[in-house]
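Below is one structure, written out as structure tokens, with a few remarks after it.
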Amino acid sequence: MNLREITPLKKMRQAVMIGLISLIICSVFTMKLSAQLTDDVDPEISGVTRNEAPVKLDGNTLFFVHGISSFPAELRAATISKRIKMAAEDTSAGSDSVKIIAGEGKSMIYAGKEFIMNVYDIDAKIENIDRESLTAIFHTRIEAAIVLFRLDRSRPELIRKSLHAMGAAILLTIILFAAYWLLGRLDKKLQAKIKSGINSVEIKSFRLIKSGNLFKIVSVSFRTIKLLTIIVVIAVFVEYILGLFPWTNSVAVSALELFLKPLETIGKGIMNFIPSLAFLIVIFVITRYFLKLIKLLFTGIDQGAIDLKNFHPSWAMPTFKIMRLFVIAFAVVIAYPYIPGSQSSAFKGVTVFMGILFSLGSSSFIGNIIAGYSMTYRMAFKKGDLIQVDDQIGFVMEQKILVTRLLSHKNEEIVIPNSVLQNSKIINYSAREKDKRLIIHAKVGIGYETSWRQVDAMLKLAAERTEGLLKDPPPFVLKETLGDFAINYEINAFCGDVANIKMHYNNLHQNILDVFNENNVQIMTPAYVKDPKTPKVVPKDQWEIPLVNESAND
């Protein structure tokens, strides 16, 4: 055996020895503390009992006794336990020396000359039995406890149990070595298989999931399971060894109760929760299928299979989401009293605290949700529409409960909170696209010396030259204002291609400039002070002047 094999054995031995020493110290301390708390008194028990406590010997419960506020059951039980132990330690009296002496209103139990306890009528009344029968039961159990107490401390029994303890320790060592070896072998085999599987997961996830991180998680999980297995095996054997000897049996019983009590409480809680669980399951099933039914209804409306008067199909799914929220909230309100721990102060405190946090931190959140639904029912726009919100123009990409996303002509994503949309003016360019009634327009200022008929003809010609603008209905010109130095004209043309509205405006402006240059008409916009010596127009021979760099290259 090499050094690596010896080191784990030493660690295991040290752990076992430390655990044994700690449990023995706790046992001694517990017994000393019990001896200090007892008092050799046994006053008459009368009146209404308040509690009950177990009478124990070597950690084993013999029976329960009751008490009152002036003489608690714990003190009475500790006193009786102390007397039974003293009687058992006195080997001069045989185990058959336990006897019952009848008294007035009570029965007294003695072990030899030592008084053990009184049994009162009220004790029998609480147990729904007559006093003589209850006293006989206590007598039998005390007598058996004394016999067992002396037997456990006899030399042959101690030798036998010591051999059992040594055998258990040897068996524990063998099991630990075998478990350590088997788990080590299993760990290596699992590592090889898991590593290959994790690598395939990394490849399938396009390396978003790192194999190193997954392998660490699996490795730590396996080591944790291995450690817990070893701890459980050691705990079982230590519990067995401590239970062999009378001096440590109480510690073993207490430790066992320490682990079993929570399990018992959990088990009782589960059994008591079964009726409530059945009720919750019924609520869950009814709610689930009711939601499926209304979803089927609103899906039919959304797809046009079901037609409701004055109810637009685009309202169907938002309405379903609102109804689903109310149905779930109603189901939670009904189910709340049946949720485990819902009546506890801690649960109520946590729910109140969460409610306060939600109310303080979600005002804008709730506002955006309400605004989102409000925009849906207002039908100001739909997905794919070209809209303008303040100075932002873009196509509606996505309309969610909290925000609306636009895609601008420059391929920019614009995110606008629904609360902003609700309080802003929205221009929808696509709303009248189907009937081809969207009008694009441009304004120019022309001097009074130019005939308005000529200006009308030039603007209409520019509109006719612009691709994407409709010829029918024909474009028209409005004279908006008669200014101090110029007349403001507005050309209006119908457009059937809203998606390229920016390009249509660009082409229209280009054609207006060309037509007015061709006819030597000066555009007075944006400002005019006096007539220049020469008209501010671009001669036709200068329309195609090459750039400086281009002429040099030629």
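The length gained by stretching the chain between residue 160 and residue 397 to full extension, at 0.36 nm per residue less their Cα-Cα distance, is 76.9 nm. For region 121-191, what does the alpha-carbon gyration tensor say about shape, rounded, prolate or oblate, given a ≥ b ≥ c as the root eigenvalues, a/c under 1.5 as rounded, and a/b over b/c as prolate? Oblate is the answer for region 121-191, as a/c is 1.5 or above yet b/c matches or exceeds a/b. The protection proxy used here, the mean number of other Cβ atoms lying within 10 Å of each residue, ranks peptides 76-86, 389-399 as follows, highest first: 76-86, 389-399. If R0 is 51 Å, the Cβ-Cβ spacing of residue 284 and residue 219 corresponds to a FRET efficiency of close to 0.85.
Peptides 486-495, 417-426 ranked from most to least packed give 486-495, 417-426, packing being the mean of other C-beta atoms within 10 angstrom over each peptide's residues. The distance between label points at residue 333 and residue 144 comes to 5.9 nm (points 7 Å beyond Cα on the Cα→Cβ vector). Based on Cα contacts under 8 Å between residues 6+ apart, region 366-428 shows a relative contact order of 36 percent. Of the cross-linked pairs 188/216; 292/321; 193/226; 189/216; 125/261, those separated by over 22 Å at the C-alpha level are 125/261. Each label point was placed 7 Å from the Cα along the Cα-to-Cβ direction; for residue 90 and residue 276 their separation is 5.3 nm.
Using the Cβ-Cβ distance between residue 309 and residue 351 with R0 set to 41 Å, the FRET efficiency works out to roughly 0.45.
Remark: spin-label model distance residue 472-residue 410 equals 4.0 nm, labels positioned 7 Å along the Cα→Cβ axis.
Quick note: the coordinates plus some simple rules give every number you see, no bench work behind them. Not measured: the values here are computed from a predicted model. When we count neighbours, we look across all protein chains shown, and the Cβ atoms used for this are built from the backbone with ideal geometry, even at glycine.
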